[in-house]
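The values are calculated or read from the model by the stated rules, or taken from the named source; none is laboratory data. Given the structure is predicted, the values throughout are model-derived calculations rather than measurements. Quick reminder, even Gly has a Cβ in these numbers, built from the backbone with ideal geometry, and neighbours come from all protein chains shown.
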Amino acid sequence: MPYSFTQIEKDKSATIGFVFLFLILFYFVVAVVLYVSFKYYFLVQDSDRYDALAQFSTSGAEITGVLIVALIVGGLHFLISIQGMVSKILAALRAKPLDSRDTYHIMFRNILDEVSVATGGRKFEGVVVATSALNAFAVSDFEGRAVIGVTEGLLARLNRAQLETVVGHEAAHILTGDCLETTVITSMFELYGAMLSSAQNFAEGSRGRAAGFFALGWVILHVSLGVSSLLKMFISRQRELRADAISVRLTRNPLSLAEALYTISRNWRGYGLPGDGLQAIYIVSPAFSQLEEEENFFSDLFATHPPIHSRISILLDMAHASMEQLEDKYKHQMPVKQPAPEDLVPTQAYDISHLNAGKPVSANWEVFHNGLWRGPFPMDQLMGLGWVEFDTYVRNIENGRTVRFFESEEIKKFNKQLHATGSALLCPLCRIGLNEEMYKGSPVSRCPHCLGALLTEDCVTKFLIRDDYFFSEKIRAVGDAIMEHHLKGRTQAIDLKTANLLLCPRCKDPKPQMLRNFYTVAYPIEIDRCVFCHSIWFDKNELDILQYLIGRTKASEL
């Protein structure tokens with residue numbers, strides 16, 4: 001008889017019921033140990049301790065009272081754990097909603113919608129985790145909320161067909177109810193981590209009997225973590241194979257799922273990041289374990305996932321392919337890169353119709369560039385020319401005055417009017433409105449004159465993960481020189497006393513000064529970072545140089 005969804009629903013309910021009973025039993029045992037310890041250490045006089053120990057006993061009424069306490073505490077723990085459990089786990093993973101303007105996120109959203117149609121209209125919420133690790137996960141709750149999450153690294157490294165199969169795998173966990181079981185168990189027992197930390201800190205600062213009492217609690221919590229991990233592992237391993245099979249049924253593409261698992265297994269999966277202890281919810285465990293790659297009784301008992309080579313082999317058999325073919329394809333697969341945007345970035349023109357009351361805009365501005373006067377341009381086009389910088393010479397045809405861009409009274413007036421409308425962020429250097437541009441599939445705020453860029457930390461992480469561009473000889477030369485200088489120990493610390501600290505364009509009044517520092521110790525690229533909103537300002541070429549240096553490091557490690 002085939003394994004029906006009715007049977008799956010019964011198994012899901014039985015498993016959750018078993019977990020609840022286990023929770024009550026656990027609290028009962030813990031309550032008995034704590035009650036006996038409390039009674040012995042605090043209620044028995046020191047002088048009578050040895051005599052009392054011989055006569056020490058616990059009555060049936062006391063055991064019943066302890067059982068009632070265990071039922072109450074266990075029930076409260078269960079109810080508290082299932083309230084908002086999806087949000088708690090997403091917060092632990094630092095997952096963020098999809099950006100409706102990001103092309104990578106749009107592709108992920110489209111795949112979620114397609115899988116939703118294929119599964120009969122089941123709605124899936126998508127989230128992303130800003131990390132270069134490669135992994136995916138799913139969580140759900142009793143109210144029908146179902147979330148499928150992927151890392152930015154996975155979005156950057158997998159093609160669309162491979163990502164479809166990963167989403168199909170996670171959707172399978174949700175449809176079969178595996179996801180709900182795992183979410184419930186994870187939500188309940190992850191609370192012990194915080195309790196363990198608090199108990200440990202208290203015990204370290206305590207003395208005498210209190211210290212011994214809390215040390216006992218600390219030991220019990222350690223045991224509970226081990227038991228809870230055992231429970232999570234026991235119910236999760238074989239379900240990955242079923243999810244793989246359902247994904248193949250949904251997508252009709254076993255080869256792409258095999259390729260996706262192989263790519264994930266060959267890269268960093270997220271070990272060491274927040275939430276890596278929630279291994280049961282992931283498509284592949286973040287931490288590599290030799291035990292997990294074996295097939296025996298102890299592996300079945302203690303591993304969270306089946307051996308990944310076995311999963312890949314099963315999928316390759318479905319696709320009539322071999323491991324040698326998969327490895328050869330992976331070895332010769334080269335990412336398709338585009339040329340990086342040139343230093344002179346073409347940008348959109350400003351809409352200044354609200355500033356001139358609908359009057360026609362005269363093309364009365366010329367710009368000196370590469371030894372020639374270019375133009376004439378109207379004001380809206382002039383403000384959008386990517387190759388005009390704050391010290392570029394401009395000429396007003398009407399009065400014949402030639403000045404540097406930042407010296408023009410007309411341009412200053414325009415900037416003041418533009419800022420008064422609140423229609424744009426201002427460049428912290430030029431005080432010119434920032435344009436919104438697409439870069440590596442995501443919008444950024446860039447100054448059309450000094451070519452600096454304002455980004456959030458998550459946006460920077462995305463760009464560093466997405467290896468879409470190859471950089472010009474100029475960028476590579478500057479980056480190589482910076483690293484050579486740095487490796488020889490010649491990089492000088494930033495002198496904040498003489499540095500021109502910038503005002504954060506994004507923060508409102510009072511505008512804080514951005515802290516100037518290096519992006520990291522390993523990559524000495526000067527950036528300006530706001531400590532309040534965490535926005536980062538990159539001067540011209542700094543973002544490209546940083547990406548080139550990180551890409552160079554990755555290439556040297558292959």
Checklist entry - Could you say which residue among 184, 128 is touching a helix residue (DSSP H, G or I) at 6+ places or on another chain (Cβ under 7 Å), surrounded by 15 or more Cβ atoms within 10 Å (Cβ to Cβ) and either assigned to a loop (DSSP other than H, G, I, E, B) or at pLDDT 90 or above (or both)? => result 128
Next on the checklist: Please verify whether residue 462 is outside any loop (DSSP other than H, G, I, E, B), at pLDDT 85 or above and among the charged types (D, E, K, R), treating the condition exactly as stated.
Outcome noted: yes
Checklist entry - Do we have residue 89 as crowded, with 22+ Cβ neighbours inside 10 Å and either in a helix (DSSP H, G or I) or not assigned by TED's automatic domain parsing to the domain that holds residue 284 (or both) here? => result yes
Item to check | Residue that is farthest from residue 455 (Cα to Cα), among those in the stretch 93-121 that are in a helix (DSSP H, G or I) and in contact with a Ser or Thr (Cβ under 9 Å, 6 or more places away or on another chain) | outcome: 118
Item to check | Residues that are assigned to a helix (DSSP H, G or I) and of a type outside the set (A, V, I, L, M, F, W, C), drawn from the stretch 255-286 | outcome: 256, 259, 262, 263, 265, 279
Checklist entry - Restricting the first residue to the stretch 477-490 and requiring it to be in the same structural domain as residue 542 (by TED's automatic domain parsing) and at negative phi, which pairs with a second residue that is outside any loop (DSSP other than H, G, I, E, B) and β-branched (Val, Ile, Thr) meet a Cβ separation below 8 Å and a spacing of at least six or different chains? => result 478/545; 479/545; 482/545
Checklist entry - Within the stretch 442-458, can you find the residues that are at pLDDT 85 or above and either more than 30 Å from residue 95 (Cα to Cα) or surrounded by fewer than 22 Cβ atoms within 10 Å (Cβ to Cβ) (or both)? => result 442, 443, 444, 456, 457, 458
Checklist entry - Considering the stretch 443-485 alone, what residues qualify as being acidic (Asp, Glu) and within 27 Å of residue 97 (Cα to Cα)? => result 457, 458, 467, 468
Next on the checklist: Checking residue 557 against (1) modelled with pLDDT under 85; (2) of a type outside the set (Lys, Arg); (3) in contact with a Pro (Cβ under 9 Å, 6 or more places away or on another chain): exactly one of these is not met. Which one?
Outcome noted: (3)
Checklist entry - When residue 100 is evaluated against the numbered criteria (1) more than 23 Å from residue 175 (Cα to Cα); (2) touching a residue at least 40 places away in the same chain (Cβ under 8 Å), which criterion, by number, is the only one it fails? => result (2)
Checklist outcome for this item: If you go through 175, 163, the only one that is within 18 Å of residue 244 (Cα to Cα), in the same structural domain as residue 280 (by TED's automatic domain parsing), surrounded by 17 or more Cβ atoms within 10 Å (Cβ to Cβ) and at pLDDT below 95 is 175
Next on the checklist: If residue 312 meets every condition in (1) modelled with pLDDT under 75; (2) outside the structural domain of residue 408 (by TED's automatic domain parsing); (3) surrounded by 14 or more Cβ atoms within 10 Å (Cβ to Cβ); (4) not hydroxyl-bearing (Ser, Thr, Tyr) apart from one, which number is that one?
Outcome noted: (1)
Item to check | Residue match in the stretch 255-274 (condition: modelled with pLDDT of 90 or more, assigned by TED's automatic domain parsing to the domain that holds residue 138, surrounded by 17 or more Cβ atoms within 10 Å (Cβ to Cβ) and among the acidic types (Asp, Glu)) | outcome: yes
Checklist outcome for this item: Checked pairs for the stretch 65-86, first touching a residue at least 24 places away in the same chain (Cβ under 8 Å) and crowded, with 16+ Cβ neighbours inside 10 Å, second among the hydroxyl-bearing types (Ser, Thr, Tyr) and in a helix (DSSP H, G or I), C-beta under 6 Å and 6 or more apart or across chains, list as 66/35; 70/27; 73/27; 74/27; 81/187; 85/183; 85/187
Checklist entry - Somewhere in the stretch 94-104, is a residue farther than 30 Å from residue 279 by Cα, at pLDDT below 70 and either of a type outside the set (Val, Ile, Thr) or in contact with an Asp or Glu (Cβ under 8 Å, 6 or more places away or on another chain) (or both)? => result no
